[in-house]
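Asks: Here you go, one structure.
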Amino acid sequence: MAMHDDIYDHDHPDNFIIGEDEIVTEIEGLEMFSLKSVGIDIGSSTSHLIFSLITLRREGASLSGKFRVTNREVLYRSPIMLTPYLSATKIDTDQVNAFIQRAYKEAGLTAEDVDTGAVIITGEALKKENAQPIVENFAKYSGKFICAAAGHNHEALLAAYGCGAVDLSKSEHKIVLNVDMGGGTTKFSLVEDGVVTQTAAINIGARLIAFDDKDKITRIEDAGRTMMKELGYKVELGQTISDKMKEDFGAYMAKILFETIEEGPNSPMASSLMVTPSFTNYRGFTQIQHIVFSGGVSEHVYDRDPKAYGDIGPVLGKNMREYLKNLPKDILREPIEGIRATVIGAGEYTIQASGNTSYVSNEKVLPVHGLKVIQASIRDGESVRDALKQSLRKFDMTRFTSGLALSLTVSGVPDYQSVRRIAEGVVEILKDADDPKCPLYLTLDLDIAKSLGGMLRDEFKVARDIIAIDGIEVGDLDYIDIGECLGITEVIPVTVKSLMFPTKQSD
């Protein structure tokens, strides 16, 4: 695989400036600290690791100030391995395990050296019968680990951050479409002013049909068989795939994919290949201002890697490139990362919430670790229930489950009616919960946690334990630990575990 130049931040400021005339010399562990982090990505087509050194510095002068990541240094990038399979439904865990161990050895690191990290399993690999045990097994390689089995929408979200589409949208205040082309699926993320507003996925990918160096077919996914049948070809394992069959198949997939980008999945075939609901109110090129491609096939779309790897990637990429030639030049943008558009690990920073305005119905449910953050923006006049449902869909969830923290960003000036409207929306979500006894963990950016928690318990008679905390800043892909109340102060320590992504090199 083509290896790309290191494009991460490498700024090393000597001091942390907190005021015009006031400089605090960095003290390891007090004003700044460093973490060794690992990101492990196990995809349907490829798998790889990346080790990073992440530097965090305190933001603000107070001891409760947040730590922010100020530097990311890549220590080691593993080679990219084709994800091995024992059968159509089972990943070869021994080979993947050996690959992980070899990467640690080549990086000169042990599990004890790594402070934190993330392991993500995505795409068709997620469907395999031993997917979840793989995630759980690899978690032990690195202490405090974020482990996620990412479905289609979650994977789209990861790709949008990992390739730089979110950063591009945020910095230029533009609407960006990220098209993440993998082995089994292509994921779409619509990013508006730095916020991923919609995600979707379609069964278009390079390894829907795979073959060996003698062109004998070794893998056929259902979507590949369906499209080849539409083209008039019958394909079976062990059969030889001709160059014409490859060309026809790649061209057909590119046609469907470009149609979906341009106007949505309007043809019967495109509609049948969607594995999630399509975007709503999508206006194609009259709406989006930039397109960023990522994933393994993006290496071929941008003509970076002409080599074939036993799949349709080069043909699919070449045909997509032809469609893109007809677009204005300023629409297509380069990703920060293409095939490696994923997490580079996990960083941590701790903040303290105001105990005066938090709500704890039962201190015995604390501490709690590794809650997945479901972030929702609550705007005046909009349905709270719909906002929460949309946020759950980003992670391929249809209902509230245990292990979640609902994080609410509330607009406007709060009053009784607005807090009650939020409470009603939360209660609606809880009606579909899979466990009526699991605690409800809430974080809010406004000082309404005590009011909201009390209202849920006293007026809406929510029976489950409620922990509602003010003053927590989290993002779409964060996880949190909530500690016990600190003595009589009622201050609640919260550790935010943030997935780390590539960033542009500093000027």
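Asks: For the stretch 186-290, just the Cα set please: Rg and Dmax, both in angstrom.
Replies: For the stretch 186-290, the Cα radius of gyration and maximum Cα-Cα distance read 15.7, 48 Å.
Asks: Given the pairs K214/K307; K187/K394; K187/K329, which are separated by over 21 angstrom at their Cα positions?
Replies: Details: K214/K307 15 Å; K187/K394 12 Å; K187/K329 23 Å.
Checking Cα-Cα distances, K187/K329 exceed 21 Å.
Asks: In the full protein assembly as shown, how much of K170 is accessible to a 1.4 Å probe, in Å² to the nearest 10?
Replies: About 130 Å², ignoring ligands and nucleic acids.
Asks: For the stretch 205-291, which whole-number percentage of the solvent-accessible area (1.4 Å probe, protein heavy atoms only) is attributable to carbon and sulfur atoms? Show your work: numbers first, answer last.
Replies: Values: 2110 of 4320 Å².
The computed percentage sits at 49.
Asks: Compare the peptides 476-482, 286-292, 201-207 by average per-residue count of other Cβ atoms within 10 angstrom and give them in order, highest first.
Replies: Top to bottom by mean Cβ count within 10 Å: 201-207, 476-482, 286-292.
Asks: Specify whether the C-alpha gyration tensor of the stretch 225-334 places it in the rounded, prolate or oblate class, a ≥ b ≥ c being the square roots of the eigenvalues: rounded for a/c under 1.5, otherwise prolate if a/b is larger than b/c and oblate if not.
Replies: Details: a/c = 2.37, a/b = 1.33, b/c = 1.79.
In terms of gyration-tensor shape, oblate.
The values are calculated or read from the model by the stated rules, or taken from the named source; none is laboratory data. Everything quoted here is computed from the prediction, not taken from an experiment. FYI the Cβ positions are ideal-geometry reconstructions off the backbone, even for glycines, and counts take in every protein chain you see. Heads up: the accessible areas ignore ligands, DNA and RNA and are worked out on the full protein's heavy atoms, side chains in. Shrake-Rupley method; radii C 1.70, N 1.55, O 1.52, S 1.80 Å.
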